[in-house]
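Undergrad: Questions regarding the structure given below will be posed in turn.
The values are calculated or read from the model by the stated rules, or taken from the named source; none is laboratory data. Treat the numbers as computed from the prediction; the structure is a model and nothing was measured. Heads up, the Cβs are rebuilt from the backbone with ideal geometry, glycines too, and the neighbour counts pull from every protein chain shown.
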Amino acid sequence: MEYLNEELFDVMALADLVISRSGSNSLYELILLKKQHILIPLTKKASRGDQIDNAKYFEEKGLSYVLQEEELSKETLLAEIKAILNNSESYQERLNNYYCPNGTEKIVSILQNYL
């Protein structure tokens, strides 16, 4: 499918592995949904470089596998998929144990301190 609309929720629920760019919204959705994933950030030629930074941050935490677009080929993508499959249990455990604070609660708490 070229674009998912209403189907996105069902497709994400069924997915065992997601291949995605690393925009902040998509990335946090993957982390919160505890979905194993491979990130392919936009290059600095196509963006400000924030996707590269996002991907690097979560890769360093062991929550994301990252494949740079410049390195993308059938072989490198298959190698990343195999790496995830070979480490699926430990990868899923890291995702399950990652604490992501509730941003809304934090903002409300800060505002209440000022009121």
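Undergrad: How many residues, within region 64-115, are under 21 Å from P41 (Cα atoms), of a type in the set (A, V, I, L, M, F, W, C) and surrounded by fewer than 10 Cβ atoms within 10 Å (Cβ to Cβ)?
TA: Adding up the residues that qualify gives 0.
Undergrad: Looking only at region 1-23, filter to residues that are more than 22 Å from N86 (Cβ to Cβ) and acidic (D, E); which one of those is surrounded by the fewest Cβ atoms within 10 Å (Cβ to Cβ)?
TA: Checked region 1-23; the qualifying residue surrounded by the fewest Cβ atoms within 10 Å (Cβ to Cβ) is E2.
Undergrad: Does D10 satisfy being on the phi < 0 side of the Ramachandran plot and touching a Gly at 6+ places or on another chain (Cβ under 9 Å)?
TA: no
Undergrad: To continue, here is another question. How about region 26-56: which of its residues are over 23 Å from S90 (Cβ atoms), surrounded by 14 or more Cβ atoms within 10 Å (Cβ to Cβ) and of a type in the set (A, V, I, L, M)?
TA: Within region 26-56, L42, I52 qualify.
Undergrad: Now, a different point. What is the residue count in region 1-19 for residues that are in a loop (DSSP other than H, G, I, E, B), modelled with pLDDT under 90 and among the aliphatic types (A, V, I, L, M)?
TA: 2
Undergrad: Six or more apart or on different chains, Cβ under 7 Å: which pairs go from a residue in region 84-107 that's touching a residue at least 24 places away in the same chain (Cβ under 8 Å) to one that's surrounded by 10 or more Cβ atoms within 10 Å (Cβ to Cβ) and hydroxyl-bearing (S, T, Y)? Could you list them?
TA: I84/Y65; I84/Y91
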